[in-house]
1. Among the residues of segment 127-140 satisfying the criterion of being surrounded by 21 or more Cβ atoms within 10 Å (Cβ to Cβ) and closer than 20 Å to Phe42 by Cα, which is nearest to the chain's Cα centre (by Cα)?
2. Quick check: anything in segment 237-260 more than 16 Å from ligand 2 (Cβ to nearest atom), surrounded by fewer than 22 Cβ atoms within 10 Å (Cβ to Cβ) and farther than 20 Å from Thr121 by Cα?
3. Please go through segment 168-217 and pick out each residue that is polar (S, T, N, Q) and buried (at least 21 other Cβ atoms within 10 Å of the Cβ).
4. Scanning for something of a type in the set (Asp, Glu), within 16 Å of ligand 2 (Cβ to nearest atom) and out of contact with any helix residue (DSSP H, G or I) (no Cβ under 8 Å at 6 or more places or on another chain), does segment 219-227 turn up at least one residue?
5. Taking His108 as the residue in question, decide whether it is modelled with pLDDT of 95 or more and open to solvent by less than 10 Å² (accessible area, probe 1.4 Å).
6. What are the residue pairs meeting all of these: first residue in segment 266-282, first residue under 18 Å from Arg72 (Cα atoms), second residue among the hydroxyl-bearing types (Ser, Thr, Tyr) and open to solvent by less than 30 Å² (accessible area, probe 1.4 Å), Cβ atoms under 7 Å, and 6 or more apart or on different chains?
7. Among the residues of segment 224-261, count how many are within 13 Å of the chain's Cα centre (by Cα) and small (Gly, Ala, Ser).
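The values are calculated or read from the model by the stated rules, or taken from the named source; none is laboratory data. Only a predicted model underlies this, so the values are computations on that prediction, with no experimental measurement involved. When we count neighbours, we look across all protein chains shown, and the Cβ atoms used for this are built from the backbone with ideal geometry, even at glycine. The accessibility values were calculated without ligands, DNA or RNA, using every heavy atom of the protein model including side chains. Shrake-Rupley method; radii C 1.70, N 1.55, O 1.52, S 1.80 Å.
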Amino acid sequence: MMMVLDRLELRPLSPIAGAEVIGLDLRRPLDAATREAVYAGFVRHHVLAFRDQDLSKDEQVAFTEQFGTLERHVARNRGPGDHPLVHVVSNLGPDGEPSGKVASQKWHTDKSFRELPSLATILHARIMPPQGGDTCFANMILAYEALDAADKAELGKVGVIHSWELSCRKAGRQATPEEIADAPPMTHPLVRTQPETGRKSLFMGEHASHLDDRPFAEGRARLAELEAHATQERFIYRHRWRPGDVLMWDNRCLLHRADANFDAALHKRVLHRTCLRGAAPA
Ligand code: OGA
Ligand code: MN
């Protein structure tokens with residue numbers, strides 16, 4: 001791993017997660033060794049920040065596809081005829097002006113309700129507010145490792161049900177039958193293992209509904225307790241965006257959330273998003 005990583009200039013952003021990648025132009029295809037080095041850096045640091053990029057949507061898709069299979073979006077999130085594979089994350093209303101609303105402020109991991117949840121999300125800052133509009137990451141490996149032995153024994157064999165329908169209900173709307181058919185409730189191990197390193201992490205967040213070994217309400221309460229533990233400041237890396245950043249993060253071992261720490265009714269915040277499909281959590 002060291003030799004592979006040596007090919008790439010990486011500057012850690014925090015001890016919790018995150019590293020800047022220096023000197024790559026992502027518009028160009030990566031050679032095999034560089035691609036491996038990027039992936040090794042991703043596994044080690046969980047969040048990679050490529051600075052000063054300027055990718056078209058097609059270029060972002062091409063960059064993403066070098067690391068695997070692009071994930072489709074939930075029916076509702078498909079782009080409005082614009083680009084089918086790139087989801088636009090923004091605070092803009094139908095009139096193209098700042099709406100005051102910022103999505104994804106709850107701790108979550110992308111597409112955890114899928115049978116094959118996301119390996120990585122790639123988010124490219126296109127228009128950012130003058131300051132703020134950060135994205136926060138909570139390191140679920142550190143959070144798991146900080147649990148005591150009794151908690152680890154309790155949680156080690158538990159299944160957690162992730163539900164898109166529940167997430168919709170919490171957001172104040174009923175999922176359509178089409179959406180539910182597309183994304184039915186899915187059980188995953190609450191404690192999953194990074195295949196590359198053998199380290200364990202907690203797999204939960206906004207889409208996590210309940211636990212398969214206890215009554216619904218008890219499971220929800222336990223998940224809330226675990227989330228409070230896992231999102232303490234000591235497990236968080238806060239990414240302060242620069243325009244042009246491309247962020248690539250590991251959905252297997254992080255929770256993330258948007259921080260609306262800017263005037264979202266005044267300033268535009270627009271990012272382009274692609275997701276890579278992962279393997280079944282184990
Ligand atoms: C996402 C997401 C957070 C943000 O794109 O999946 O959660 O800061 N974004 O916009
Ligand atoms: Mn997200």
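1. For segment 127-140, the residue satisfying everything is Phe137.
2. No, there is no match, as no residue in segment 237-260 is more than 16 Å from ligand 2 (Cβ to nearest atom), surrounded by fewer than 22 Cβ atoms within 10 Å (Cβ to Cβ) and farther than 20 Å from Thr121 by Cα.
3. Ser201, Ser209
4. The answer is yes, given that some residue of segment 219-227 is of a type in the set (Asp, Glu), within 16 Å of ligand 2 (Cβ to nearest atom) and out of contact with any helix residue (DSSP H, G or I) (no Cβ under 8 Å at 6 or more places or on another chain).
5. No.
6. Arg273/Thr121; Thr274/Thr64; Cys275/Ser118; Cys275/Thr121; Leu276/Thr64; Leu276/Ser118; Arg277/Ser118; Gly278/Ser118
7. The total comes to 1.
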